[in-house]
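Reviewing the structure listed below.
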Amino acid sequence: MTDFIFNLKLRTLTATTLLAACALVFPHAASALDKVRVGVFPVSSSLPLFVAQDRGFFKEQNIEVEISRLIGGPPNIAALISDQIDASAILVTIEGMNANLKKPGVAMYISLNTQNDTNRMEQFVVRSGLEIKSLADLKGKKIMSAPGPANVTMARAALAAAGLKDGEYQLDQLDMGQHNNAMIAGTFDAGYTLEPNATVMNQSGIAKTFQAGVIARTVFNDPKANAWAGGGVISSSFMKNKPDVAKRYAAAWAKAIDFINEKPAEARKSLLKNTFTPETLVDTVPLVGFKNSRNLSAKDIADFQVFMDFATKMGTLSEKVDVTKSITKF
């Protein structure tokens, strides 16, 4: 009887020791991955999310992302405000600031994207067969715009800077997935579109870009200026309710941006299955400039403020905002 009890204790001790060893070697094996709900607009500026997912950076942080495809800023903002998502892969900064005016802290930027003539995103394109050399030539034309108030505002601001008045052109929002077909069908003469659509149009001969770096030109009068027009966000409620998960999500996001900046050719591969980018263009489609919030310089933040002040002047923001209150650094 004594031997039986000794052997039972020995087996129990051995099993306990093995479980403890497994916990040390595989710290997350016994627990489910922490889920983070993310809204994504499937354009090239959402690349950090795709890289973090494809390269296993989220899993390294014991995180599983649940992705909701949300086209444009308004659906992402609505989901953030109603706590249906914890983060957005890309949120236009003007729309993020508007959201924070309605509900402070709903959109906290963990990274920012710069857009200009080099780091191309927004572009004016003209349908093949039409001779358009400048924005002034769009008088009387039908123009499509990427969806969302920020995109429409910047398109109108650029047209106004070229001397065109409301009523001298027709501007309609159109889902990004329909831009190429709309150009092929001749529904519109020109468009304010985003990457990778612009590159697809140029390479296929559907349309051609005649102005890039639109925001940098319009706001700073410099096509090479840094227009901090978008970025990755998390909500303050996410940070409050799950601070450790939020920190780990931000760490995976930051690692993805570092990877993109260090190995852009490899990072681009994540555009294939996650955006409208065809394999023939994945190596050439332009990328915005990605920068983690913790690496923003004083000049970067000052330029960001100038852009938001411009949005206030245009009436897209109802009041002046302090951009530093919408940036969080991990």
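Worth pointing out:
- For the range 297-308, Karplus couplings with θ = phi - 60° (6.51, -1.76, 1.60), whole Hz, Gly/Pro x: 8, 4, 5, 4, 5, 5, 5, 4, 5, 4, 4, 5
- At R0 = 22 Å, FRET efficiency that the Cβ-Cβ distance of Ala136 and Ala185 yields, to 0.05: 0.30
- Summary value for the range 185-330: 24 percent relative contact order, contacts being C-alpha pairs under 8 angstrom separated by 6+ residues.
- Only DSSP H runs of four or more residues enter the estimate; each adds -39500 (n - 2.57), and after division by the residues of the chain the mean residue ellipticity at 222 nm equals -12500 deg cm²/dmol.
- Separation of the alpha carbons by more than 29 angstrom is noted, of Lys247/Lys273; Lys59/Lys103; Lys59/Lys329; Lys240/Lys263; Lys35/Lys299; Lys59/Lys102, for Lys59/Lys103; Lys240/Lys263; Lys35/Lys299; Lys59/Lys102.
- Most mobile listed residue (Tyr192, Tyr249, Tyr169) in the chain, GNM with C-alpha springs under 10 Å: Tyr169
- Neighbour counts of C-beta atoms inside 10 Å place Asp322, Asp300 in the sequence Asp322, Asp300, starting with the fewest.
- Ranking of Asp309, Asp166, Asp283, Asp86 by count of other Cβ atoms within 10 Å, fewest first: Asp166, Asp283, Asp309, Asp86
- Separation of the Ser204 and Ala78 label points, Cα + 7 Å toward Cβ, nm: 2.8
- When the Gaussian network model of the chain links Cα atoms closer than 10 Å, the mean-square fluctuations of Asn100, Asn181, Asn197 top out at Asn181.
- The smallest convex shape that holds all Cα atoms of the chain, its convex hull, gives 150 Å³ per residue.
- Projecting label points 7 angstrom from Cα along Cα→Cβ for Asp283 and Ser68 puts them 3.9 nm apart.
- For the chain, the relative contact order works out to 26 percent when only alpha carbon pairs closer than 8 Å and six or more residues apart are counted.
- Note on Thr118/Asp322: beta-carbon distance plugged into 1/(1 + (r/R0)^6) with R0 of 30 Å gives a FRET efficiency of 0.60.
- When the charge dipole of the range 123-212 is built from unit charges on Cβ atoms (+1 for Lys and Arg, -1 for Asp and Glu) and taken about the Cα centre, the candidate among Gly205, Val152, Gly163 whose Cα reaches farthest toward its positive end is Gly163.
- Computed about its Cα centre, the charge dipole of the range 242-313 is approximately 300 debye, with only Lys, Arg, Asp and Glu carrying charge at their Cβ.
- Most fluctuating residue given options Val245, Val43, Val92, as computed from a GNM of the chain linking Cα atoms under 10 Å: Val245
- In this Cβ point-charge picture (+1 for Lys and Arg, -1 for Asp and Glu), the chain has a dipole of about 400 debye about its Cα centre.
- Footprinting exposure proxy ranking of Phe220, Phe238, fewest other C-beta atoms within 10 angstrom first, gives Phe220, Phe238.
- Debye log10 I(q)/I(0) for the range 86-245, one point scatterer per Cα, at q = 0.09, 0.12, 0.17 Å⁻¹: -0.32, -0.55, -0.97
- Net charge, Val40 excluded, C-beta distance under 12 Å - Lys, Arg +1, Asp, Glu -1: +1
- The H on the amide N of Ile67, modeled in the peptide plane, is under 5 Å from the matching H of Val38, each at least 5 residues off or on a different chain.
Where a number appears in this text, it was derived from the coordinates with a stated rule and is not lab data. This one's a predicted model, so the numbers in the text were calculated from it and none came from an experiment. Counting neighbours? That spans all protein chains shown, and the Cβs are built from the backbone with ideal geometry, glycine included.
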